[in-house]
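To keep things clear, I will list the structure first and then write my remarks on it.
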Amino acid sequence: MRIFDPHIHMTSRTTDDYRAMYEAGVRALVEPSFWLGQPRTSPASFFDYFDALLGWEPFRASQYGIAHHCTLALNPKEANDPRCTPVLDALPRYLEKDGVVAVGEIGYDSMTPAEDHALAAQLQLAADHQLPALVHTPHRDKLAGLHRTIDVVRESNLPPEFVLLDHLNETTVEAAADSGCWAGFSIYPDTKMDEDRMVAILQNHGTEKMIVNSAADWGRSDPLKTRKVADAMLKAGFTEDDVDQVLWRNPVAFYGQSGRLQLDVAAPDPLHEGNSILRGGE
């Protein structure tokens, strides 16, 4: 079984997670830039973070045979902080990097005018750079936030097939599917979606343009949720081909629109800028 986790925050995870993910079948992933919990106080902290997603994290992933890609953006929550908004001006140079396969996470948190501006501006950046966009739907007022997001997408120059609407659930899946965008689902231990609910959605809505992720971050989350969804699908009667479509071919098709996916992992380098992941010994 091959698995592509299309949304996972490995900056928040340990190297043991990389090992466990590989053993579970994960061979590729996308790490979106996101809010780190502690508010950033300047654009420079974003740039160091972006550099880590383009350098250190691909290095860590390669040690365990996993192809690492990223998406970069000013996230919705910090779009409200004027100390952070100059990031929008610096994004174009980062979006030229080979490891960047989409603009994201963008979207809504509290649905403020500042978030309206950041979403529209970054959808335009995605169109300018011929990249897909990973869109975060809000955790509060999710259906209203989804409709507002779809309206902004329709007003943009980015085709809906270049947009992945993430963090969906039973209340938003139909509207997302009707929009022509891709539908993303984050599987969590306590919140968002779980494996059985995800299987029910696939039974009701099919597997086309459906994307499943673990979105594992610094909160209670599980980087093996993609494999657990695959197992639940097989138990419910889906075929191995169905599983491969949802857990591999769909994310490859979506992010492949960037022209930058590199799914073959080269032999890992022993060091990254003079550093290794080893502690103790040689």
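Bear in mind these aren't lab numbers, they're just calculated from the coordinates by the rules spelled out. What you see is a predicted model, and the numbers here were worked out from it, not measured in a lab. Here the Cβ is made from the backbone with ideal geometry for all residues, glycine too, and neighbour counts use every protein chain on show.
Taking all Cα pairs closer than 8 Å and separated by 6 or more residues, the relative contact order of the chain comes to 21 percent. For an R0 of 41 angstrom, estimate the FRET efficiency from the Cβ-Cβ distance between Gln124 and Leu263 and round to the nearest 0.05. FRET efficiency, Gln124 to Leu263: 0.90.
Note on Ala144 and His117: with the Förster distance fixed at 22 Å, the Cβ-Cβ geometry gives a FRET efficiency of about 0.75. Net charge dipole, region 3-256: roughly 320 debye, given to the nearest 20, about the Cα centre with Cβ charges of +1 for Lys and Arg and -1 for Asp and Glu.
Applying a threshold of 27 Å to the alpha-carbon distances of Lys77/Lys225; Lys97/Lys225; Lys77/Lys235; Lys142/Lys209 flags Lys97/Lys225; Lys77/Lys235 as lying beyond it.
Backbone amide hydrogens, once placed in the peptide plane, bring Ala67 within less than 5 Å of Ala28, Leu29, excluding anything fewer than 5 places away on its chain. For Gly99, nonlocal amide neighbours, meaning residues 5 or more places apart or on other chains whose placed amide H falls under 5 Å from its own, do not occur. Local charge for Asp89 was computed over the other residues whose Cβ lies under 14 Å away, with Lys and Arg +1 and Asp and Glu -1, and equals +1. For the chain, set up a GNM with springs between Cα atoms under 10 Å and report which of His139, His68, His167 has the largest fluctuation. Answer for the Gaussian network model of the chain: His139.
Let me make sure I get this right: for region 3-256, a, b and c are the square roots of the gyration tensor eigenvalues over alpha carbons, sorted descending. Under 1.5 in a/c it's rounded, otherwise prolate if a/b > b/c, else oblate. Which is it?
Oblate.
Would you mind telling me which residue in Asn169, Asn75, Asn157 has the biggest mean-square fluctuation in a Gaussian network model of the chain, where springs connect alpha carbons within a distance under 10 angstrom? In the Gaussian network model the winner is Asn157.
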